[in-house]
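No lab work stands behind these numbers, since they all come straight from the coordinates. These figures come from a predicted structure and were not determined experimentally. For neighbour counting, all protein chains shown are included, and Cβ atoms are generated from backbone atoms with ideal geometry for every residue, glycine included.
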Amino acid sequence: MSESNSAISVNNLWQVFGPNPEKIVGSPDAALPRAELREKTGNTAAVRDVSFEVAPGEVFVVMGLSGSGKSTLVRCLTRLIEPTSGSVVMNGEDVLKASDARLRELRRTKFSMVFQNFGLLPHRRVIDNIAFALEVNGVSKEARHARANEVIELVGLQGFAQAYPEQLSGGMQQRVGLARALAVDPDVMFLDEPFSALDPLIRRDMQAEVMRLHEELGKTMVFITHDLAEALRVGDRIAIMRDGAVVQMGTAEELIANPADDYVADFTRDVPKSHVLTVRTIARPLASNETASGRSIPATTIIRDATAAILDADGPVAVVEGNTTLGFITPRDFLLLVGGGSHG
Amino acid sequence: MSNTKETMFIAKPKKLKRGWLIAMLFAAWVVLAKIFQGQATLVLAVPEDTGVTTWAGNVAASIRANRSDGASFKYFFNPIREFIDGFVTGIREIIAIPAGDSSIPLLGWLGVIAVIGFVVYAVSHLRMAIAAVILVFACGALGLWTDSMDTLAMTLAAVIMSLLIGIPVGIWAGLSDRALKAVTPILDLAQILPTLVYLAPLALFFLIGPASATIATMVYSIPIAVRLTAFGIRGVPVSPVEAGTSMGTTKIQLLRKIQLPMSSRTIILGINQTVMAALSFVVIAALIGAPGLGKPVIDALIIRDVGGGFVAGIAVVLIAIMLDRSTSAAISIDESFVPAPASARRRRKLGLVSAGVATIICIVLSRQLAWAAYFPEQVDISKPVSNVTESSIFWITENFEFLTTGLAKAVTVGILNPLEGVLSNSPWFLTVAMISLLSLILGGLRSAFITLTLLLAIVASGLWFDTMVTFTQTIVATILTMLIGVVVGVWIGRSTRAERALRPILDAGQTLPAFVYLIPMLGFFGPSRFTGIATGIVYSIPIVVKIVGQGIREVPTNMIEAAISTGSTKWQLITKVQLPAAKKSLLLATNQGLIFVLAVVVIGGLVGAGGLGYLVIVGGSKPELQGKGLIAGFSILLLGLMIDRIAQYTVARNSAPKH
C-alpha cells in the first residue's frame, strides 16, 4: 500500500517521557528494556518507533495489555500528547506539523475520538454534547441541532436528546460518545477502548453497533482495545503492541496462524482457531492411502463454517481457490484442530 | 499497598529506638533545666528594648515620617489605600454609614433586610432566605445594627476584591503547573501565618483604618480563594477535558464550556470559605481600626466586660451563621447536573419576581420613612442577654468551681508551670540545643538545621523569653487538644452516627472567628494564661477531630476485617490497627492543631496570657513600643515556621517508603 492512497500513514513515531526525550530517540539507549532505560536516564519510552498504514475505510485495531503504550499511541495520533518524533500523515498532511489553529480545524472537521470513560459533559444535554464540536466551530444553533438530531437517529438514541448523561446507562452514554464523534462527519475516527467500561453483554451489542455503523458509513477507524476477542471481531487488521513497540501486525488469521513470537502466541493461544482460521491454513496434500471424497469448499471459508461440509463427506474434502486445489481436509484433521490437539 | 506494608514492617524496630532516644533526651533536659534553673533566661521587661527592637522602632518611625512625601507612598501605598478606602466607604454607605449629605445609609434597615432576603433566596431557597432575615434582624435586636452592618460591609468589600484577584489567579494555577509551583509556597506560608502577625506591618504602610483592615483581610482570604479554585479546576476529570480538546476547543472555550462549569461546585465552596475567612478576619482587624463588631468585642475583652462582649460575640456568630449557611446553600446538595423540572422553574421565576417587587417596595420605604430607616430602638434585648450571660457564668463558676478555676489551676500547676520551667526558665542555650536535638530525632538533619537557625534568630531578636512563654502555652494547648481530639476523632471515625451528630457542630466551630471564643473563656477562667490556652483548644479541636476522624475512616476495610477475623478486641483493633494505620492523619492533625493553637494563643495576649501576643498588642497601641511589637510579630512567624517545619519533616520521614 503506498502512502498516497492510505487514510493514515504513521512513520517512526516515538513518544518518550522524561528529561530530554529527543536525545533518546535514535540513541542506543532507545533499545534498552523499559526498566533499564528508566534506571539509566529517567525516561520512559511509551511509544517506540511505530509505523503503520491504514487504508481508507479500514478498521485498524491496536491491541495490547495495559502499559503497552496503545493509549499513548492513539493520543499521539491526535496530538492530545505531543509525540517526540516521527510523522502522522492524514490525507497527505503531516498532522504533527500543523499549527495550533490548523490542528484545531482538523480536530473540528477531519477526525474525532471516542473515549473509554465516555468523556461526556455532565452539565449539558445529550443533544448539546453531540453538537459540541460543531458549537466550538461556530456552527449556528439551528444547524448544529439539526445535524445532532440526524446522528441521534443513526445511533438509536431517539427520545433521549433532552436527557442529561447521568440519566443514561453506560451503554447509552457511549452511544452519545459515538454520536458525538460522528456528528462532524469525520474522515477518521479514533476509538480508545470505547467499550472496556461496559459489561460484557452490552459490550457485544456495542461492537455490533460499531460494525453496523462502519458498514453504513464506511469510516476509517483506529480502534484501541485490550480485548483480543474484540480485536478479532471488529478489526480488518490488528497491530499487537508490547512495551511501546508493535510486535506484529496483520489480519486475525495471520496473527493466529503465524504468531511472530512467543508473546503473540501466548496471547492468541486461547482463541478458538476454528473461529478465525480459514480452511486454507489446514489444507494438506492427500496421503497415499487416502482417496478424495469429490466434495470441495472455497479456501476463504472459516473452518467453523465448514463443519458440516467436512464432517458430512465420506472422505477428504478438497480446498479450492478458483480452479486450483490447494489441498485436502479430513474429519480427523478438523476434530484435532477443534479439540485442541496438535495438528498432523 | 505493598509499599506501606513494607514501611510499617521495617519502621517498627526503628520507631522503638527513636522512642527511647526521645525519652532519654527529655530526662536529660529536665535534670539540666533543674540544675540551671533561672540562669541565662534572657528575660526582658515590657518597656525594655534590645538592639533589634530599637532598630525596628526606628525603621517604623522613618516609615511613618515618610508617609506623605516618600515616593513609594506617593505612587504606591497611598493610591492603593485611597482606592480601597473609596471602595470600602462606597459599600459602607449603602448599608452602614450615612451616605453623602444624608443622615442615613442608602438603604435603611428594612431595605437592607429585604435585599439580604432577596439575594439569599435567589442563590438558594426560601427557607434559607427567611432564616437569613431573622438572623440579621436579631443582630439589630441586640442593639448592634450599625456595627453588624459595618462588619457585613467590610466583609463584603474584602470578599469582592479577594475573589476578583483570587479566582483568576486560582484558574491560572489550576491550568498551569508552573503557576501552581509559583503560588504554592505563598499559599503555604499564608496558611501557617498567625493572623495577628501582619496587622501591625500593614497598618504601618496603610495607616490604621478600614483600608488597611481590608488589605489585611484580603491577605488572609485571597490564598483560600486561589487554593480552592485551583483545586476545582484540577479536579475536573481528565476525559471530558481530553474530549473537548480532541474536538478542537480553544483554551478559552475549554475553560468556559468545560472546566469552569464542571468545577463550579468547588469554586462556590471556595467562595464560602473566602467569605468565612474574611468575616473572622474583619472581626480581629478591629485591632487596626476595622469598624464593626470587632470593636465592642475588643473593648469588652480589655475591660473584662463578659456580658457586653458576649452580646457582640453573639452578633458575630449570627452573621457567621447567616453567611455560611446561605453561601453553602448555594451549592446544590446532590451531585446532579440535571436542572429542576419546568414547572418548578416557572414557580421559582414567579417567586423571584414577587420577592423582587417586595424588596423594591421595602427599599423605597426605608429611604422615605423613619421607622423603616432607623432600626427600632424599642427592640433591644442586649441588656437581658448581657445580664443572663453574666449571671449564668457567675452561677457556673460558683457551683462548678472544679471545672473552671479548678481546671485552670490544675493545668497551670500540673503542666504549664513545669513546662515553663524547662522551656523558658532554663538557660536559652540548653533549650535551643534540646529543641534542635528533638528536631533531629523527629525530622532528621535538615529539620534540625532549620530549627537551630530559627531558634538562633529568635535569640538574636531579643524576645527569646516571651517566645518561649508563647511556645509553652502552644504546646500545652496542643497536647490537650490532641488528647481530646484523638478520642473524639476515633469515635466519629468509627461511628457514622456520631459523625452525623457532631458534623454540624464541628462545621460551625470551624467557621467562627477565634475572637468569639475568648469571651466565654474569659468569663470562666478570668484573665490568665489558661484562658488563652482554653480558647486555643476550643478553636482547634474541630479541625483535629475532623482530620483524625477521616484518617480512621479511611483505614482500608480489608485491614479491619483481617484484624477482626484474627480475634482482636475492640481496644486492640483501635490501638493496634486503626491508629497506627492512620498515623499520617494523626501527624497532620498535630501539625494543624499546633498552627491553629499558636494563632489563637497569641490573641490570648488580650486577656492576660502575656508572651508575644501581648507585645504585639501593646506595640500596636503604644508608639514607643512599636518596634518591639513588630519584632514580636516576626518572632511569632519564626515560631510558627519552626513548628511547621519540624512537623512537615516528621511527616515526610514517616511516610516515605524506605529501601
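What full-extension length gain, to one decimal in nm, is calculated for B:LEU369 and B:ALA410 as 0.36 nm per residue of separation minus the Cα-Cα distance?
Full extension of this stretch gives 8.9 nm more.
How much length, in nm to one decimal, is gained on full extension between B:VAL459 and B:GLN39, taken as 0.36 nm per residue of separation minus their Cα-Cα distance?
149.7 nm
Give, rounded to the nearest 20 debye, the magnitude of the charge dipole that the range A:1-126 has about its Cα centre when Lys and Arg contribute +1 at Cβ and Asp and Glu contribute -1 at Cβ.
Numbers: 16 positive and 13 negative charges, 132 e Å.
Result for the range A:1-126 is approximately 640 debye, rounded to the nearest 20.
How large is the charge dipole for the protein assembly as shown, taken about the Cα centre, if only the Cβ atoms of Lys, Arg (+1) and Asp, Glu (-1) carry charge, to the nearest 20 debye?
Magnitude of the dipole: close to 1780 debye.
Under 5 Å between amide H atoms, partner at least 5 residues away or on a different chain: which partners does A:THR220 have, H built in plane at 1.01 Å?
Residues meeting the amide H criterion: A:GLY57, A:MET189.
What do you get for GluC sites (Glu not before Pro) in the range B:314-410 restricted to DSSP loop and a cutoff of at most 16 other Cβ within 10 Å of the site's Cβ?
Within the range B:314-410, the qualifying GluC sites (Glu not before Pro) (loop, at most 16 other Cβ atoms within 10 Å) are B:GLU335, B:GLU377, B:GLU401.
How far apart, in nm, are the 7 Å Cα→Cβ label points at B:ARG553 and A:THR109?
5.2 nm
Which residue, chosen from A:ALA231, A:VAL184, A:HIS214, occupies the Cα position most advanced towards the positive end of the dipole of the range A:166-250, where the dipole is computed from +1 (Lys, Arg) and -1 (Asp, Glu) charges on Cβ about the Cα centre?
Farthest towards the positive pole: A:ALA231.
Across peptide A:96-107, what mean number of C-beta atoms from other chains lies inside 10 Å of a residue's C-beta?
Values: counts 0, 0, 0, 0, 2, 2, 0, 2, 6, 1, 1, 6.
Counting other chains' Cβ atoms within 10 Å and averaging over A:96-107 gives 2.
Which FRET efficiency value, to the nearest 0.05, is calculated for B:ASP507 and B:VAL238 with the Förster distance at 30 angstrom and r the Cβ-Cβ distance?
Once rounded, the FRET efficiency stands at 0.45.
Counting helices only, and only those DSSP H runs with n ≥ 4, report the 222 nm mean residue ellipticity of the protein assembly as shown as the sum of -39,500 (n - 2.57) divided by its residues, in deg cm²/dmol to the nearest 500. If you can, show how the numbers build up before the last one.
On the way: 44 runs with 624 residues, N = 1003.
Helix-only estimate at 222 nm: -20000 deg cm²/dmol.
Assuming R0 = 45 Å, can you tell me the calculated FRET efficiency for the pair A:ASP236 and A:LYS40, based on Cβ-Cβ distance, to the nearest 0.05?
It comes to 0.70.
Net charge near B:SER382, counting Lys/Arg +1 and Asp/Glu -1 over other residues with Cβ under 13 Å of its Cβ?
Surrounding charge for B:SER382 is -4.
How many nm is it between the label spots at A:SER169 and B:LYS74, if each spot is 7 Å from the Cα in line with the beta carbon?
Result for the modelled spin labels: 7.7 nm.
Considering only chain A, what is the antiparallel percent among its DSSP beta bridges, to the nearest 5? The partial results should precede the final answer.
On the way: 26 of 47 bridges.
So the antiparallel bridges amount to about 55 percent of the total.
Of the options B:ILE186, B:PRO201, B:ILE302, report the single residue whose Cα projects farthest towards the positive end of the charge dipole of the range B:54-393 (beta-carbon charges: Lys, Arg +1; Asp, Glu -1).
Among B:ILE186, B:PRO201, B:ILE302, the one farthest towards the positive end of the dipole of the range B:54-393 is B:ILE186.
Scan around A:SER85 for amide H atoms under 5 Å from its own, H built in the peptide plane at 1.01 Å from N, and keep only partners 5 or more places away or cross-chain.
Placed amide hydrogens put A:TRP14 under 5 Å from A:SER85.
Taking the Cα centroid of the range A:213-269 and of the range B:238-266, what is the distance between the two, rounded to the nearest whole Å?
33 Å
Taking H as built 1.01 Å from N, whose amide H comes closer than 5 Å to the amide H of A:ALA245, not counting residues under 5 places away?
Placed amide hydrogens put A:ARG48 under 5 Å from A:ALA245.
To check my understanding: the extent here is largest minus smallest coordinate of the Cα atoms along each principal axis. What are those three numbers for the protein assembly as shown, in Å, largest first?
119, 77, 62
Given axes a ≥ b ≥ c from the Cα gyration tensor, I'd like to know whether the range B:176-276 is rounded (a/c under 1.5), prolate (a/b larger than b/c) or oblate.
prolate
Please report, in debye to the nearest 20, how large the charge dipole of chain B is about its Cα centre when each Lys and Arg carries +1 at its beta carbon and each Asp and Glu carries -1 there.
That gives chain B a dipole magnitude of about 2420 debye.
In the range B:54-393, if the dipole is taken from +1 on Lys/Arg beta carbons and -1 on Asp/Glu beta carbons about the Cα centre, which of B:VAL357, B:ILE97, B:ALA312 is farthest to the positive end?
The one lying farthest along the dipole's positive direction is B:VAL357.
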